[in-house]
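> The following block contains the structure, expressed as structure tokens.
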Amino acid sequence: MIEVRDLSASYSEKESKKVVFEGLSFEVSLGVPMSVIGPSGCGKTTLLYLLSGLKKPERGEIFFKGEPLNGHQREIALVLQHYGLFPWKTVFQNAALGLRIRGFSKKETKEIVLPILKELTIDHLLDRFPNQLSGGEKQRVAIARALALKPSLLLLDEPFSSLDAFTREHLQNLILSICRQRELGLVHVTHSIEEAVFLGEKALVMNEGGYDLLSINRVRMAERDPEYRKSDLFHQYCNLLRSYLKR
Ligand SMILES: Nc1ncnc2c1ncn2[C@@H]1O[C@H](COP(=O)(O)OP(=O)(O)OP(=O)(O)O)[C@@H](O)[C@H]1O
Ligand SMILES: [Mg+2]
């Protein structure tokens, strides 16, 4: 789905250039979700901006379904680190935003958005504003907005980091089943080793001065269920990933 070759990212500062990462190469295929993990500031969000086409690579190439990625691609949906909801719009309006921008009529938008809000069990909150929602509910609105655009690749930036363990695991299960049902590719950034292993099959471990690409999960996405978290195998994979983070 995505092929990244020798990718570098930097930001210009007053008179200098700050390199965030260099020489990143990897592939993400459908059905082989990738987790991105690494310390704060190592460039995870920057990488997602590049993969979504919202930021241009300074060096290196990104291919999406075999074609060079030039600018924002409609099939790629990015869910931002802090939800990106508009405080003056209701749950329904926030979830419908992408479709309205693309010119869908009110009727069409409703037909697409309502079943998704129902699937995410927030259809009773349609008229609430973001400041009247819990963190988990806000996150679901942001996910609904992304799914409404029928993407084929979902990019999630620390989706569940501010949530309690219970809500977090519930939403992880939900993302897993959504990706399975809709056959979505997934790249997801996290600070949690357990989350990386539960949702990912590959892990990109980003550290200052380099990166590692690991196969962290031989249990296929289709075979994972909430019980998988309790298994010895799951803990073995977590320990494997932990050992790479320590390096
Ligand atoms: N627009 C910008 N201009 C200049 N520097 C930036 C900009 N955005 C990010 N940076 C810098 O680039 C580096 C990588 O930022 P990025 O947001 O990608 O990190 P991250 O790995 O997502 O961190 P976190 O885990 O805290 O979210 C940081 O040092 C950050 O200060
Ligand atoms: Mg970030």
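> Using the alpha-carbon centroid of each, what span in Å lies between the range 194-247 and the range 165-187?
Spelled out, the Cα-based centre of one part sits 16 Å from the other.
> Using the charge dipole of the range 2-246 (Lys, Arg: +1 at Cβ; Asp, Glu: -1 at Cβ; taken about the Cα centre), state which of Gly209, Val197, Ser177 has its Cα farthest towards the positive end.
Farthest along the dipole direction, towards plus: Ser177.
> Find out how many positive minus negative residues lie around Leu7, taking Lys and Arg as positive, Asp and Glu as negative, among other residues whose Cβ is under 14 Å from that of Leu7.
So the surrounding residues net to -1.
> Only Cα pairs under 8 Å and at least 6 apart count here; give the relative contact order of the range 128-247 as a rounded whole percent.
20 percent
> Would you mind working out the magnitude of the charge dipole of the range 2-246 relative to its Cα centre, with +1 at each Lys and Arg C-beta and -1 at each Asp and Glu C-beta, to the nearest 20 Debye? Please report the intermediate quantities before stating the final value.
Numbers: 33 positive and 30 negative charges, 144 e Å.
Roughly 700 debye for the range 2-246.
> Which value, in Å³ per residue, describes the convex hull spanned by the Cα atoms of the range 23-88?
Spread over its residues, the Cα hull of the range 23-88 gives 133 Å³ apiece.
> Per the helix-only calculation at 222 nm, which mean residue ellipticity applies to the chain, given -39500 (n - 2.57) for every DSSP H run of n ≥ 4 and division by its residues, nearest 500 deg cm²/dmol?
-11000 deg cm²/dmol
> Describe numerically, in nm with one decimal, the distance between label points set 7 Å from Cα along Cα→Cβ at Asn239 and at Leu213.
The two pseudo-label positions are separated by 2.7 nm.
> Compute the signed sum of charges (Lys and Arg +1, Asp and Glu -1) over the other residues within less than 9 Å, Cβ to Cβ, of Leu97.
+3
> Using only alpha carbons, build the gyration tensor for the chain and give me the equivalent ellipsoid semi-axes, biggest first, whole Å. Mind dumping the intermediate values first?
Working: eigenvalues 160, 107, 57 Å².
Largest first, the chain gives 28, 23, 17 Å.
> Given 0.36 nm per residue, what is the gain on full extension from Lys89 to Asp127 after removing their alpha carbon distance, in nm?
Additional length available on full extension: 12.8 nm.
Laboratory data are not the source of any read-out in this text; all were calculated from the coordinates shown. Because the structure is a prediction, the values reported are computed rather than measured. Please note: Cβ atoms are built from the backbone with ideal geometry, for glycine as well, and neighbour counts cover all protein chains shown.
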